[in-house]
1. Could you give the length gained on full extension between residue 169 and residue 120, defined as 0.36 nm per residue of separation minus the Cα-Cα distance, in nm?
2. Find the relative contact order for the chain and round it to a whole percent, using C-alpha pairs within less than 8 Å whose residues are 6+ positions apart.
3. So what is the calculated 222 nm ellipticity per residue for the chain, using -39500 (n - 2.57) for each DSSP H run with n of 4 or more, over all residues, to the nearest 500 deg cm²/dmol?
4. Considering the Cα positions of the chain, please state its Rg to one decimal place and its Dmax as a whole number of Å.
5. Taking only pairs that are 8 or more places apart or on different chains, how many Lys pairs in the chain have Cα atoms under 28 angstrom apart?
6. Using a Förster distance of 41 Å, how high is the FRET efficiency between residue 188 and residue 156, based on the Cβ-Cβ distance and rounded to 0.05?
7. State whether segment 17-129 is rounded, prolate or oblate according to the following rule on the C-alpha gyration tensor (a ≥ b ≥ c being the square roots of its eigenvalues): a/c under 1.5 gives rounded; otherwise a/b larger than b/c gives prolate, and the remaining case gives oblate.
8. For segment 99-197, how big is Rg over Rh, using alpha carbon atoms and the Kirkwood form of Rh?
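Please treat every number below as a calculation from the coordinates, not as lab data. These figures come from a predicted structure and were not determined experimentally. As a convention, Cβ positions derive from the backbone with ideal geometry for all residues, glycine included, and neighbour counts pool all protein chains shown.
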Amino acid sequence: GPIGSFLGTYLSTFVLWLYNTLGFIGVAAFAAVMPFVIMTGMHGAFVPYLMQMLTVDPLYEPIFFPALIISNIDQGIAALAVALKTKDTNLKSTGFSTAVTAVVAGVTEPAMYAINLKYKTPMYGAMIGSAIGGCVAGLLKTAIYAFAGASSVIALPLFVSADKPNNLLFMVISVLVGAVATFAATWVLSKPEAANK
């Protein structure tokens, strides 16, 4: 308990410093590297930080969770692009199913390990798109005002705010920009011969 509280305080201070120093670039960087944060299990270390941000001033969180949602959705979009581009029926089926899992449930490991990391270029596409989506989210100053265990499209209501009525709309725009950029980057970077192995 006490260790988590101290960790949350220090992590909050660091992330806020990052946000205040780098601004939208901090959100973009977080979104781009989020798959590797998830792969190492370090995303769990941010729970005390999230609790700290949402229970004491400023009562919102503007960097980690927006980046997490954008990154998770983009992992699915990259898998979707591969599924639509490939002629391999097994890969197509895997791409569609893992895309739904990432976009709807926020569970990205199937998409990451079965497609994006395996073929490399989809991971690059997702990172590019996530950085662009994160950049937009940072510029529009999106933030969550509540906490939930989901980190996918079903978590978008966390961005509803009476103080910032356009916050949800701005996050939806950020997600859409990231998704389009991810799809385009993955489509261009993905090599059909690699996807058809």
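1. Once the chain is fully extended between residue 169 and residue 120, it gains 14.4 nm.
2. On the way: 368 pairs, mean separation 54.6, N = 197.
Averaging sequence separation for qualifying contacts and normalising by length gives 28 percent for the chain.
3. Counting only the DSSP helices, I get -21000 deg cm²/dmol.
4. 16.6, 54
5. Value for the chain: 17.
6. Once the sixth-power term is evaluated, E becomes 0.90.
7. prolate
8. The Rg/Rh ratio comes out at 1.04.
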